[in-house]
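One structure is given below, encoded as structure tokens.
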Amino acid sequence: MAPPAEIERALRGAAPEAMAVEAYAEIGSTQDRAFELASSAVGAGPVACVAALAQTAGRGTRGKAWFSVSDALAMSVAFADDPDPAQAAERAGAGVDQAIARASVAAGVAAHEAAERFVGPGRLALRWPNDLLCEGRKLAGVLIERRGGVTVVGVGVNLDHRGDWPEEVAARATTLAGCGGRAEAQAFAPALLASLLQWQEEPRETLSLAWTERERSAGTRGAFVVENARYEGRVLSIDPFDCILLERDDGSRVRLPTARAVRG
């Protein structure tokens, strides 16, 4: 695995000049460090990028911990809100849920695009809400967090794994190397950053189309929980900015708002 200094140099080649960039062999949390850097940043847009090969306090969606492979990449990119009053009013009208959904959709598409360069077309798929799969097994995940006027987009990617997988993980996870890709952080990190920066700028309609083209839940069986109520059936469609359309076993259809639904 490349030393952090080499990864940092590669990232700086893909980053805007004013962006703070750091890379570590190990850190507590790339998310927390990105928020720290953003707190002292000047300006709006992408202001900080933090990458690490290992985390001691990494977290997933809803605070979940996860199994970390021997060679992994965790990367967090902080985006500061534009302080312009018109932009602030637009964000307030859209709501926090929509802002997080937009960042999550863009990150999923970006992770898919970056990984596809390494494993080739036709093998990857997105799974709502935040997983990137390679032939049905989880390759990467996305975590979006917002504090004050800063949104941090986190992506964790399994690059390679030496040794045996834990039994509960073996059937569900994979690595970039396991998918036939080049498992080098200094190559993957700048590709991921470039894709993240590009897709975060795309309009909602473009994001929705790109995400839907890559998501593969339609036609499969799924279970979801909304406000402690569990729904199970065949997934007809998922609009990441609106709802999950589910056909239950009795033939009835239900629309589940994506902002409040979780997989159950």
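The values are calculated or read from the model by the stated rules, or taken from the named source; none is laboratory data. As the structure is a computational prediction, the values presented were derived from the model and not from experiment. Reconstructed Cβ throughout: ideal geometry from the backbone, glycine too, with neighbour counts over all protein chains shown.
If only one of 212, 174, 151 is of a type in the set (Ser, Thr, Tyr) and more than 22 Å from residue 122 (Cβ to Cβ), which one is it?
151
Are any residues in the range 99-141 among the charged types (D, E, K, R) and at negative phi, and if so, which ones?
Step one: list which residues in the range 99-141 are among the charged types (D, E, K, R), which gives 102, 113, 116-117, 123, 127, 131, 135, 137-138.
Once the filter is applied, which keeps residues that are among the charged types (D, E, K, R) and at negative phi, the range 99-141 yields 102, 113, 116, 117, 123, 127, 131, 137, 138.
Testing residue 183 on (1) surrounded by fewer than 17 Cβ atoms within 10 Å (Cβ to Cβ); (2) in contact (Cβ under 8 Å) with a residue 40 or more places away in the chain; (3) in contact with a Ser or Thr (Cβ under 8 Å, 6 or more places away or on another chain), one condition comes back false. Which one is that?
Only one criterion in (1) surrounded by fewer than 17 Cβ atoms within 10 Å (Cβ to Cβ); (2) in contact (Cβ under 8 Å) with a residue 40 or more places away in the chain; (3) in contact with a Ser or Thr (Cβ under 8 Å, 6 or more places away or on another chain) is unmet by residue 183, namely (1).
For the range 119-137, how many residues are surrounded by fewer than 17 Cβ atoms within 10 Å (Cβ to Cβ) and among the charged types (D, E, K, R)? Let's see the steps before the verdict.
In the first step, residues of the range 119-137 are kept if they are surrounded by fewer than 17 Cβ atoms within 10 Å (Cβ to Cβ); the result is 120-123, 135-136.
Going one step further and asking which of them are among the charged types (D, E, K, R), we end up with 123, 135.
Here the count works out to 2.
If we scan the range 139-162, do we find a residue that is assigned to a loop (DSSP other than H, G, I, E, B) and either touching a helix residue (DSSP H, G or I) at 6+ places or on another chain (Cβ under 8 Å) or among the aliphatic types (A, V, I, L, M) (or both)?
no
Only one of (1) touching a residue at least 40 places away in the same chain (Cβ under 8 Å); (2) within 19 Å of the chain's Cα centre (by Cα); (3) surrounded by fewer than 18 Cβ atoms within 10 Å (Cβ to Cβ) fails for residue 46. Which number is that?
(3)
Would it be correct to say that residue 204 is outside the structural domain of residue 137 (by TED's automatic domain parsing) and not polar (S, T, N, Q)? Lay out the reasoning, then the answer.
Values: outside the structural domain of residue 137 (by TED's automatic domain parsing): no; not polar (S, T, N, Q): yes.
When the stated conditions are applied, residue 204 does not pass them.
So residue 231 ticks every box in (1) modelled with pLDDT of 95 or more; (2) under 17 Å from residue 118 (Cβ atoms) but one. Which box is left unticked?
Against the list (1) modelled with pLDDT of 95 or more; (2) under 17 Å from residue 118 (Cβ atoms), residue 231 comes up short only on (2).
Between 116, 135, which is among the charged types (D, E, K, R), in contact with a Lys or Arg (Cβ under 9 Å, 6 or more places away or on another chain) and at pLDDT 95 or above?
Of the residues listed, the single one that is among the charged types (D, E, K, R), in contact with a Lys or Arg (Cβ under 9 Å, 6 or more places away or on another chain) and at pLDDT 95 or above is 116.
Against the definition (farther than 29 Å from residue 71 by Cβ, without any contact (Cβ under 8 Å) to a residue 12 or more places away in the chain and more than 17 Å from the chain's Cα centre (by Cα)), how does residue 256 come out, yes or no?
The answer is no for residue 256.
Find the residue count for the range 169-200, including only residues that are over 17 Å from residue 117 (Cβ atoms) and either modelled with pLDDT of 95 or more or assigned to a strand (DSSP E or B) (or both).
Residues that pass the stated criteria total 2.
Which residues, taken from the range 1-40, are buried (at least 18 other Cβ atoms within 10 Å of the Cβ) and either of a type in the set (Lys, Arg) or modelled with pLDDT under 95 (or both)?
The answer is 1, 33.
Between residues in the range 195-221 that are touching a residue at least 40 places away in the same chain (Cβ under 8 Å) and among the aliphatic types (A, V, I, L, M) and residues that are surrounded by 20 or more Cβ atoms within 10 Å (Cβ to Cβ) and not in a helix (DSSP H, G or I), which pairs lie under 7 Å by C-beta distance while being six or more apart or on different chains?
196/77; 196/153; 197/46
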